[in-house]
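Contents: one structure, followed by commentary.
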Amino acid sequence: MLGIVWGGVFLAARLALNEVGVLTAVAHRTFWAAIVLWIAVLAMRLPVPRDPKVWAAFAVMGLLNNVVPFTLLNWSQLYIESGLASIFNATTAVFGVVVAAIFFADESLTARKAFGVSVGFLGVAVAIGLESFRSFDVTSVAQLAALGATLSYAFAGAWARKRLSGLAPQVNAAGMVTCAALFILPAAWMMDGPFQLTLAPVTWGALIYLSVVATAGAYLLYYRVLDMAGSGNLMLVTLLIPPLAIVLGTLVLDEALPPNAFLGFGLLALGLLILDGRIFRLRIARNTPG
């Protein structure tokens, strides 16, 4: 379900961008999501932090996990297909392993992880394509922007582990999205102009999906899956997102990805499975006598 919800993000974002600006779409996404998340926090009777240091940590988290990646992914989709953006988004787990190895002693880059990261980055290079390396244009910049969003997500994961590990995850989500909204609302007003409420129904539908379903609802579902299945299984959600995003982009937006995008995603998926490690554990278990 989480994979389906996030798989629809890329179509919803592209539909919204037909009528609103990049920053305005992010402002809507974070503002309405913050309201829904605080309603959930109050309904669960969770304590609201008052320590300024905690709110400073929320502010950094809001930048790293919302403002920067949402903005970069939105802008990238003006120049590359939504399905391709979803493929690049799957590199979050690969960057996450590298960033964690840099900042945490218990997350060292083992031989298996290094191999998985290498295969994943090879998949990214294949998905980008040789043409992008030969001629650097706005499409190349958009691809790099999508990758920059995933790198920001990776740093957000490290920051959350270091600074926000002692709070209820629902409070963390509400706090960071609130700070993100406070950052992006004035920026969107200055860059895109005053907000318009007379938007087309499809635009409002896309914005509601992005904010209520794919941000507030998805965060609540994310932490539920984390409790039920663990971080290893949760990482594999990134494999479920691109297929749905590609199908939706094809059916609704009439997108057609080049063959190298599919080959790149295959390599990236293989890299993620190597990082997950259970394939090797299953093989060892089957080869163990008795």
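Residue-by-condition table, conditions (1) among the β-branched types (Val, Ile, Thr); (2) assigned to a helix (DSSP H, G or I):
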site: 3; (1), (2): no, yes
site: 13; (1), (2): no, yes
site: 20; (1), (2): yes, no
site: 38; (1), (2): no, yes
site: 45; (1), (2): no, no
site: 64; (1), (2): no, yes
site: 68; (1), (2): yes, yes
site: 93; (1), (2): no, yes
site: 99; (1), (2): yes, yes
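Name the one entry in 229, 218, 245, 261 that is in contact with a Ser or Thr (Cβ under 8 Å, 6 or more places away or on another chain) and either crowded, with 20+ Cβ neighbours inside 10 Å or in a helix (DSSP H, G or I) (or both). Reasoning before the result, please.
Values: 229 fails: in contact with a Ser or Thr (Cβ under 8 Å, 6 or more places away or on another chain); 218 fails: in contact with a Ser or Thr (Cβ under 8 Å, 6 or more places away or on another chain); 261 fails: in contact with a Ser or Thr (Cβ under 8 Å, 6 or more places away or on another chain).
Matching residue, one of 229, 218, 245, 261: 245.
Within region 75-99, how many residues are β-branched (Val, Ile, Thr) and within 16 Å of residue 248 (Cβ to Cβ)? Walk me through it before giving the result.
Our first condition is that a residue be β-branched (Val, Ile, Thr); within region 75-99, this holds for 80, 87, 91-92, 94, 97-99.
Still in the running and within 16 Å of residue 248 (Cβ to Cβ): 80, 87.
Total satisfying the criteria: 2.
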**OP:** Name, by its number, the condition in (1) in contact with a Phe, Trp or Tyr (Cβ under 8 Å, 6 or more places away or on another chain); (2) closer than 25 Å to residue 261 by Cα; (3) crowded, with 22+ Cβ neighbours inside 10 Å that does not hold for residue 72.
**Re:** (1)
**OP:** Have a look at 210, 273 and point out the one that is among the hydrophobic types (A, V, I, L, M, F, W, C) and modelled with pLDDT under 95.
**Re:** 273
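Here is a yes/no grid of residues against (1) under 18 Å from residue 270 (Cβ atoms); (2) touching a helix residue (DSSP H, G or I) at 6+ places or on another chain (Cβ under 8 Å); (3) crowded, with 19+ Cβ neighbours inside 10 Å; (4) of a type in the set (Gly, Ala, Ser):
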{"position": "95", "(1), (2), (3), (4)": "yes, yes, yes, no"}
{"position": "100", "(1), (2), (3), (4)": "no, yes, no, yes"}
{"position": "112", "(1), (2), (3), (4)": "yes, yes, no, no"}
{"position": "116", "(1), (2), (3), (4)": "yes, yes, yes, yes"}
{"position": "122", "(1), (2), (3), (4)": "yes, yes, no, no"}
{"position": "127", "(1), (2), (3), (4)": "yes, yes, yes, yes"}
{"position": "134", "(1), (2), (3), (4)": "no, no, no, no"}
{"position": "137", "(1), (2), (3), (4)": "no, no, no, no"}
{"position": "140", "(1), (2), (3), (4)": "no, yes, no, yes"}
Original post:
Within region 101-125, how many residues turn out to be without any contact (Cβ under 8 Å) to a residue 12 or more places away in the chain and either touching a strand residue (DSSP E or B) at 6+ places or on another chain (Cβ under 7 Å) or not in a helix (DSSP H, G or I) (or both)?
Top reply: 2
Subject >> Selection within region 232-242 - part of a helix (DSSP H, G or I) and under 15 Å from the mean Cα position of the chain (by Cα) >> reply: 234, 235, 237, 238, 239, 240, 241, 242
**OP:** Could you list all residues from region 142-166 that are at pLDDT 90 or above, among the polar types (S, T, N, Q) and surrounded by fewer than 19 Cβ atoms within 10 Å (Cβ to Cβ)?
**Re:** none
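Within region 183-210, count every residue that is surrounded by fewer than 14 Cβ atoms within 10 Å (Cβ to Cβ) and either in contact with a helix residue (DSSP H, G or I) (Cβ under 8 Å, 6 or more places away or on another chain) or not in a helix (DSSP H, G or I) (or both).
Going residue by residue through region 183-210, those that are surrounded by fewer than 14 Cβ atoms within 10 Å (Cβ to Cβ) are 186, 190-191, 193-194, 196-198, 200-202.
Then drop every residue that is not either in contact with a helix residue (DSSP H, G or I) (Cβ under 8 Å, 6 or more places away or on another chain) or not in a helix (DSSP H, G or I) (or both), which leaves 191, 193-194, 196-198, 200, 202.
Total meeting the criteria: 8.
The values are calculated or read from the model by the stated rules, or taken from the named source; none is laboratory data. All values derive from a computational prediction rather than experimental measurement. FYI the Cβ positions are ideal-geometry reconstructions off the backbone, even for glycines, and counts take in every protein chain you see.
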